[in-house]
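Input: a single structure, listed below in structure tokens.
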Amino acid sequence: MPMDRETQLKLVNLRDDAGVLSLYVNADPRQEGTTPPWKTRLDQGLKQLREAVGNGTGSMLGRRVDDLKIDIEALVHPGSPGIGRALFVALGTGETYSVALQTPLTDRVALAPRSHIAPMFGAWAEGSPVGVAVVDGKGMRLLDSRFGVCEEVSGLSFELATEDWRVMKGPGGRGRDFHSTSTQYDLFDFRVAEHLQKFLSAAHATLEEHVGEYGWELLVVTGEPELVEAASKHLRNGVKAEVVPSQLVLSQKSPAMIQQAIAPEIAAARHARDARLAADFAEALPKAAIGSEEVLDALQGGRVDRLLIERDSVWSARRIPEGAVLADAVAPGEPEVATAVAEAQLGEAMIEMALASDARVSILGEGVDLGKDAGGVGAFLRW
């Protein structure tokens, strides 16, 4: 499945009375061994889970795992696509979804009445869709960058009919001829540049269409400063994505090279956006809910416009051990892990409620916080 908002909704709404099995692996190519370590952790997690659940659920779980043998082999195979991979299956109905990303996830086995989505939303915060418009004298290239993969999806070619444009040479001495010719060539180049800027300025409708089609949260426009300005000046108020101007001249570089070059600017733009959200949140009272109790009350009343959750600890899984099994039948051995699991489950419930009421969800980046009173959770309210 492609990772987009539709996928988010499908995963959030995946429920089953018998339980939903969520399997995550991080196929890090730097981890060596005859047997991939992520496969070992997944096998151990599944074994632990099967031993812990009751007979009825255990039998159903065993049958589903056997039925999914090929899917699970693909999930852990070193040659399969993606670094971060996930497989979700409803034990009762057999409904199955798989996701592969080029961004890391975390090794984990979870069994609950609904799918376990915390790692997926953490990955979304770091690798969500970004559009890239590369502008130069040939026109505009449009690229889609998401979850570690960048590909060219469209473009606009600048073609100028100059048959009627004549370069006039003035009469007279050699010096006068040279000056006149130079001036006329300068005028010719100026007219070409003027038409190119008009062409790029008129491309805003195409960019706005692509933003909607691909769900871009950021739109990076990169190239010579005057061309970037021409391409982006009409986008400020009309496009849903945040426009990020860049002065990198990338021209005909490959999509992978372009993605690598602009990665620091994308990361900086995401951090700046999250910092603005946190600053706006601090000034939003009384149209803000602070802390899980207030946020849950607002979600239940359908009053949340945007849910905010801090990225650190729970959402980066730093306090939940790699390869951990999250299920009611498996009690975490350490109090800190138990707290992290409980908070993750609460966060997932809040995300589900937010999406159900068409509220936006923002997982804030590392180093951005909502203040000590929020406890990592807040919301902007509709009223």
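The values are calculated or read from the model by the stated rules, or taken from the named source; none is laboratory data. The model shown is predicted, which means the values in this text are computed figures rather than measured ones. Methodologically, a virtual Cβ is constructed for each residue, glycine included, from the backbone with ideal geometry; neighbour enumeration extends over all protein chains shown. Ligands, DNA and RNA are stripped out before the accessible areas are found, and what is left, the full protein with its side chains, is counted by its heavy atoms. Shrake-Rupley method; radii C 1.70, N 1.55, O 1.52, S 1.80 Å.
Residues with amide H under 5 Å of L14's amide H, sequence separation 5 or more or different chain, H placed in the peptide plane at 1.01 Å from N; which?
The answer is S115.
Enumerate the amide H contacts of L370 below 5 Å, restricted to partners 5 or more residues apart or on another chain; note that Pro and chain-start residues carry no placed amide H.
So L370 has HN proximity to G376.
Would you mind listing how long the stretch 1-153 runs along its three principal axes, going by Cα atoms, in whole Å with the largest first?
For the stretch 1-153, the Cα spread along each principal axis is 68, 37, 23 Å.
Just to confirm my numbers, what's the Cα centroid distance between the stretch 4-53 and the stretch 249-311 in Å?
Using only Cα atoms to place each centre, the spacing works out to 27 Å.
According to a simple spin-label model (label point 7 Å from Cα along Cα-to-Cβ), what is the distance in nm between Q44 and A74?
Distance between the two pseudo-spin positions: 2.7 nm.
Find the all-direction average of the projected area of the Cα convex hull for the chain, expressing the result in square nanometres with one decimal place.
25.2 nm²
With viscosity set to 1.306 mPa s at 10 °C, what whole-number translational diffusion coefficient in µm²/s follows for the stretch 298-383 from Stokes-Einstein and a Kirkwood radius over Cα pairs? Mind showing how you got there, number by number?
On the way: Rh = 13.8 Å.
After rounding, the answer is 115 µm²/s.
Which residue fluctuates most in the GNM of the chain (Cα springs below 10 Å): G333, G82, G137?
G333
Roughly how many nanometres apart are two label points built 7 Å out from the Cα toward the Cβ at T7 and E51?
3.4 nm
Taking amide hydrogens as modeled 1.01 Å from N in the peptide plane, which residues meet the under 5 Å criterion relative to A202, leaving out close sequence neighbours?
none
What dipole magnitude, in Debye to the nearest 20, does the stretch 220-263 give about its Cα centre under +1 on Lys/Arg Cβ and -1 on Asp/Glu Cβ? Don't jump to the answer; show the numbers that get you there.
Working: 4 positive and 4 negative charges, 32 e Å.
Using Cβ point charges on Lys, Arg, Asp and Glu, the stretch 220-263 gives about 160 debye.
State in Å² the accessible area per residue of the chain; use a 1.4 Å probe, count heavy atoms of protein chains only, and round to the nearest integer.
Details: 19250 Å² over 383 residues.
Value returned for the chain: 50 Å² of accessible area per residue.
Run the quick spin-label model on Q260 and T96: label points 7 Å from Cα toward the beta carbon, then report their separation in nm to one decimal.
Inter-label distance under the simple model: 3.6 nm.
So what's the projected area for the stretch 252-359, the Cα convex hull averaged over all directions, in nm²?
Mean shadow area of the hull around the Cα atoms is 10.1 nm².
When 1/r is averaged over all different Cα pairs and the result inverted, which Kirkwood radius in Å belongs to the stretch 14-89?
The Cα-based Kirkwood calculation yields 13.3 Å.
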